[in-house]
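Written below as structure tokens is the structure these notes are about.
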Amino acid sequence: MRKKSSGDINKLTKLSLVSTVLIVVIVAIILIVAVFFKPNMKYETFETFSLGTYVQLRISTSVNPSVLSKEIFNELDRITKKFDAYSEDSIIYKINHSNDWVEVDDETFAILDLSLQYAKKTNFAFDPTLGRVIDLWGFSKFSEKEASSLVVPRKEDIEEALKLSGAKLVEIDYKKKAVKTNGVWFDLGGIVKGYALERAYQIAKQADPNCTGFIEAGGDIRILGPKFGKEYWIIGIRNPRGNDSIDYIYLKSGAVATSGDYERYFIVDGKRYHHLIDSKTGYPADSAISATVISDDAIKADVFSTAAFVLGKKNWIYTRTIIPKYDSEVFLVTPEFEYLKTDGFEYYEKTY
């Protein structure tokens with residue numbers, strides 16, 4: 001076997017050096033492209049008051065963001081006015097105060113039908129027919145200024161209001177798209193916000209399928225797309241007895257909603273009474289102080305956060321078994337400040 005000459009060794013050394021240089025150059029080009037030629041994603045923030053709360057839209061889009069935000073906010077206002085059960089101008093008020101069948105438009109029929117379906121799926125922990133009870137407690141037109149003047153209703157009055165409540169009392173005519181309440185008052189507060197956020201998502205995606213960002217209404221969030229097109233949005237879960245966060249979740253898509261006893265409430269003799277009513281008792285649910293739900297759409301997140309709160313710690317096995325079947329995960333805070341999580345919730349507490 002011929003020994004390698006010094007000339008051969010020099011050639012190999014030169015080739016090795018050239019290869020190394022080429023690799024370094026390629027890596028440098030890749031880094032330059034990644035740093036200087038990545039898509040320029042500028043986010044703009046728009047705010048308004050709608051759905052009875054403060055709304056924030058944070059969006060990066062190729063279309064005019066100002067025009068798009070106005071279109072979205074106009075839609076939220078339309079939904080607010082249309083489905084406010086306690087406004088004489090709304091379709092829900094008309095339905096609630098009719099003793100006969102009421103034919104409705106496609107949108108209204110779909111939301112009413114969907115809300116009744118979710119009532120059954122949650123064993124009526126979510127019940128859209130508690131309008132009379134909610135009004136009796138004073139939460140139909142609640143304001144923080146008036147909270148101090150609210151009182152606990154008499155047990156007899158609560159029982160009377162419950163007799164005219166319950167999803168089972170409502171009749172639906174699918175052919176005529178009509179509804180008959182039989183004395184029940186609808187209150188769609190546990191589903192309309194989620195529906196409005198889904199409509200915002202649809203409008204944004206129709207205008208620009210590649211837009212990213214999120215829209216938030218009173219702590220409920222619908223993700224429009226990953227941050228900068230690929231990263232997670234970091235969302236804090238509010239401490240129900242403070243202003244800090246007790247946990248963080250990471251989302252690139254989907255929605256998150258929280259129901260808590262700290263938004264609409266009043267205190268009598270040291271006891272807190274809030275707007276999340278247990279349909280079985282007519283009183284505020286008492287075995288949770290906060291329920292956060294992550295889902296693939298805002299309607300389910302909204303509905304199931306209410307249901308999980310009302311079910312509370314006492315029915316945790318039911319919550320843990322049923323709600324994840326609908327691609328939703330729950331984080332529950334009990335009155336003892338114990339954290340209960342469905343099995344899949346921890347997936348959203350990490351980045352991958």
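Among the candidates LEU57, LEU114, LEU68, which residue alone is open to solvent by less than 40 Å² (accessible area, probe 1.4 Å), of a type in the set (A, V, I, L, M) and under 19 Å from the mean Cα position of the chain (by Cα)? Spell out the reasoning first.
Working: LEU114 fails: open to solvent by less than 40 Å² (accessible area, probe 1.4 Å); LEU68 fails: under 19 Å from the mean Cα position of the chain (by Cα).
Every option except LEU57 fails the conditions.
For region 74-97, filtering for residues that are in contact with a strand residue (DSSP E or B) (Cβ under 8 Å, 6 or more places away or on another chain), over 16 Å from GLY194 (Cα atoms) and open to solvent by 30 Å² or more (accessible area, probe 1.4 Å) leaves 1.
If you go through region 87-102 and keep only what is without any contact (Cβ under 8 Å) to a residue 24 or more places away in the chain and outside any loop (DSSP other than H, G, I, E, B), you end up with ILE91, TYR93, LYS94.
Residues that are closer than 30 Å to ASP269 by Cα: list the helices (runs of 4 or more DSSP H) wholly contained in region 103-192 that include at least 2 such residues. Give the steps one after another, and end with the answer.
Details: elements: 106-121, 131-137, 155-163.
Counting at least 2 such residues, we get 131-137, 155-163.
With the structure loaded, tell me whether ALA119 is more than 27 Å from ALA291 (Cα to Cα) and touching a Phe, Trp or Tyr at 6+ places or on another chain (Cβ under 7 Å) or whether it fails that test.
Numbers: more than 27 Å from ALA291 (Cα to Cα): no; touching a Phe, Trp or Tyr at 6+ places or on another chain (Cβ under 7 Å): yes.
No: the conditions fail for ALA119.
Every condition in (1) surrounded by 15 or more Cβ atoms within 10 Å (Cβ to Cβ); (2) more than 20 Å from GLU144 (Cα to Cα) holds for ASP296 except the one numbered (1).
Is there any pair linking a residue in region 116-130 that is touching a residue at least 12 places away in the same chain (Cβ under 8 Å) to one that is surrounded by fewer than 19 Cβ atoms within 10 Å (Cβ to Cβ) and among the β-branched types (Val, Ile, Thr), with Cβ under 9 Å and at least six apart or on different chains, and which? These pairs meet every condition: LEU116/ILE172.
State whether one or more residues within region 314-327 are open to solvent by less than 70 Å² (accessible area, probe 1.4 Å) and not in a helix (DSSP H, G or I). Break it down stepwise before answering.
Here is the first cut: in region 314-327, the ones open to solvent by less than 70 Å² (accessible area, probe 1.4 Å) are 315-316, 319, 322-324, 326.
Next cut, not in a helix (DSSP H, G or I) only: none.
No - not one qualifying residue is present in region 314-327.
Test SER62 against the stated conditions and say whether it is small (Gly, Ala, Ser), farther than 22 Å from LYS175 by Cα and open to solvent by 60 Å² or more (accessible area, probe 1.4 Å). Here the answer is yes, as SER62 does meet what is asked. Looking across region 306-332 at every residue that is over 17 Å from the mean Cα position of the chain (by Cα) and hydrophobic (A, V, I, L, M, F, W, C), the one that is farthest from LEU188 (Cα to Cα) is identified as ILE317.
Does LYS163 satisfy being free of Cβ contacts under 8 Å to residues at least 40 places away in the same chain and open to solvent by 50 Å² or more (accessible area, probe 1.4 Å)? Considered against the rule, which asks whether it is free of Cβ contacts under 8 Å to residues at least 40 places away in the same chain and open to solvent by 50 Å² or more (accessible area, probe 1.4 Å), LYS163 comes out as yes.
Specify the residue that is nearest to TYR195 (Cα to Cα); the eligible residues are those in region 36-53 that are more than 19 Å from the chain's Cα centre (by Cα), of a type in the set (D, E, K, R) and at pLDDT 80 or above. So, considering only residues that are more than 19 Å from the chain's Cα centre (by Cα), of a type in the set (D, E, K, R) and at pLDDT 80 or above, the one nearest to TYR195 (Cα to Cα) is GLU44.
Yes or no, residue by residue, for (1) under 30 Å from GLY225 (Cβ atoms); (2) open to solvent by less than 10 Å² (accessible area, probe 1.4 Å):
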site	(1), (2)
GLY282	no, yes
ALA285	no, yes
ALA308	yes, yes
GLU329	yes, no
LEU340	no, no
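Pick from region 240-265 the residues that are charged (D, E, K, R) and either on the phi > 0 side of the Ramachandran plot or within 17 Å of the chain's Cα centre (by Cα) (or both): which of them is least open to solvent (accessible area, probe 1.4 Å)? The qualifying residue least open to solvent (accessible area, probe 1.4 Å) is ASP261.
A quick yes/no check of all residues on (1) touching a Ser or Thr at 6+ places or on another chain (Cβ under 8 Å); (2) at pLDDT 95 or above; (3) within 17 Å of ALA178 (Cα to Cα):
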{"residue": "ILE59", "(1), (2), (3)": "yes, yes, no"}
{"residue": "ILE72", "(1), (2), (3)": "no, yes, no"}
{"residue": "ILE91", "(1), (2), (3)": "yes, yes, yes"}
{"residue": "ASN96", "(1), (2), (3)": "yes, yes, yes"}
{"residue": "ASP105", "(1), (2), (3)": "no, yes, yes"}
{"residue": "ALA119", "(1), (2), (3)": "yes, yes, no"}
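Applying the criterion of being of a type in the set (A, V, I, L, M) and more than 16 Å from THR48 (Cα to Cα) to the residues of region 195-239, the residue that is surrounded by the fewest Cβ atoms within 10 Å (Cβ to Cβ) is ILE234.
The values are calculated or read from the model by the stated rules, or taken from the named source; none is laboratory data. On a predicted model such as this, the values are computed, not experimentally measured, just so you know. Quick reminder, even Gly has a Cβ in these numbers, built from the backbone with ideal geometry, and neighbours come from all protein chains shown. These accessible areas exclude ligands, DNA and RNA; they are computed on the full protein's heavy atoms, side chains included. Shrake-Rupley method; radii C 1.70, N 1.55, O 1.52, S 1.80 Å.
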